[in-house]
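First the structure, in the form of structure tokens, and then the observations on it.
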Amino acid sequence: MTKSVRLKDIADRLGVSTVTVSKALTGQKGMSDELRKKIHTAADEMGYIPSISRKALFAQRSYTIGILISERYMSEYSSFYTRMHQQVSQIAMDKGCFTMLEVISAENEKNKTLPRLIEDKKVDGVVVIGRLDEKYLDNLKNQNGIKMVYLDFCNHSGDEDAVISDSFNGAYVLTNYLFDMGHKDIAYVGTLLANGAITDRYLGFTKSLMEHGRPFRQDWIIPDRDPKKGSIDSNKFLELPKEMPTAFVCNCDMTASMLIKKLFEKGYRVPDDISVVGFDNYLYPGLCDIKLTTFGVDSYEMGRNAVLNLIRKISGERYRQGVMILEGHMIEGESVRKVG
């Protein structure tokens, strides 16, 4: 009986590690095209046959995945998280898994009441979409040991698995773009510390200010929401400063749309008088009459990585541990005017 060819056999022949051979044969990055081709050629010549048993077994496994979202993210216009939920459910279904949604009420979050789908042991693991209270999440981990992946937030505790967008760099890119368009007086719109993404985007904004030698102005940090409740409220917040900047960097497209409406009410036109940029590249249809310049976040890819990592985590497979940061890209709209 012919002995099967192992990854080690190919590695020994070429003088490389088995890890390098594995990466080449599974299409992973981290090597030159020449080396990858050499490994594939050697594998073909030696008669290497990939083992499909583990992959087949993995594909056959079906899990029930819980999706937890705070009720403060489920308002009529919180469409970004609604879309994320839909995408996560579809991705899980494509992987042969089922999903169950539970919306966490403010009272249950405050009292650290366990979700019913976890308490009744109806799920194998959960994807948490949007930040929940840190103590609430700690309670889930400590009492149940349920497998979890956070989506669109992280607590930086060192032992969590999360998938987030590149908030810091995205806001940095947007602010640099405004400087390139001639703007020097730029304000930030978002309640600092309300969540990690808003704060990270502010830090990216401030990095750009520092590099352009512009001063930090407290009156140009415009809160847009209650730091505890988290919901955007243009009536209580979004107060325009007495001395107006020429441009605003908003922490999300929803806030940008509400700011544009308030500017219009005060007699300002966007972008003729004031320029505005958002973040996320997703806005509930009809909320804004102008196409926003924004930073695109690939929510589908974020959801896909969260689901795949959770499935592997549940099944005991190797997975990408820690916080995964996915890059985005700037999208030019009609809300910025070149000045100077």
Within-14-Å neighbourhood charge of Pro271 [Cβ basis; K, R +1; D, E -1]: -1
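Arrange the peptides 82-93, 151-162, 301-312, 136-147 so that the one whose residues have, on average, the most other Cβ atoms within 10 Å appears first.
Numbers: 82-93: 19.5, 151-162: 17.1, 301-312: 22.5, 136-147: 15.4.
By packing density, highest mean first, the sequence is 301-312, 82-93, 151-162, 136-147.
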Around Gln321: net Lys/Arg minus Asp/Glu count, Cβ-Cβ under 13 Å: +1
Under 5 Å from the placed amide H of Val126, counting only residues 5+ away or on other chains, we find Gly66, Lys147, Met148, Val149
Magnitude of the charge dipole, the chain, Cβ model with Lys/Arg +1 and Asp/Glu -1, debye to 20: 1040
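Can you tell me the order of 180-191, 37-48 when each peptide is scored by its average per-residue count of other Cβ atoms within 10 angstrom, highest first? Show your work: numbers first, answer last.
Numbers: 180-191: 20.0, 37-48: 14.7.
Listed from highest to lowest mean packing, they are 180-191, 37-48.
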Structure-derived Cα extents along the principal axes in Å: which label, when the choices are (i) 60, 50, 39; (ii) 72, 50, 34; (iii) 85, 52, 34: (iii)
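Let me have the relative contact order for the chain, percent, based on Cα pairs under 8 Å that are six or more residues apart. Please report the intermediate quantities before stating the final value.
Working: 581 pairs, mean separation 56.2, N = 340.
Taking the mean separation of contacting Cα pairs over the length of the chain, I get 17 percent.
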Of the cross-linked pairs Lys37/Lys95; Lys236/Lys338; Lys112/Lys141; Lys242/Lys262, which ones have a Cα-Cα span greater than 21 Å in the structure shown? Lys37/Lys95; Lys236/Lys338
Any idea which of Ala24, His40, Leu14 is furthest toward the positive side of the dipole for the range 7-50, if Lys and Arg beta-carbons carry +1 and Asp and Glu beta-carbons -1? Ala24
Just name one of Ile186, His212, Ala197: the one whose Cα is farthest towards the positive end of the charge dipole of the range 167-297 (beta-carbon charges, Lys/Arg +1, Asp/Glu -1). Ala197
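Which semi-axes, in whole Å and largest first, does the equivalent ellipsoid of the range 7-50 have when worked out from the alpha carbon gyration tensor as the square roots of 5 times its eigenvalues?
Details: eigenvalues 41, 22, 19 Å².
Semi-axes from the Cα gyration tensor: 14, 11, 10 Å.
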In nm, to one decimal, how far is the modelled label at Met324 from the one at Asp159, with both set 7 Å along Cα→Cβ? 2.2
So, counting K/R as plus one and D/E as minus one, what does the shell of residues with Cβ under 12 Å around Asn169 add up to? -1
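No value in this document is a laboratory result; all are computed from the given coordinates. Quick caveat, the model's predicted, so the values are computed rather than measured. Using ideal geometry, Cβ is built from the backbone for each residue, glycine included, and neighbour counts are taken over all protein chains shown.
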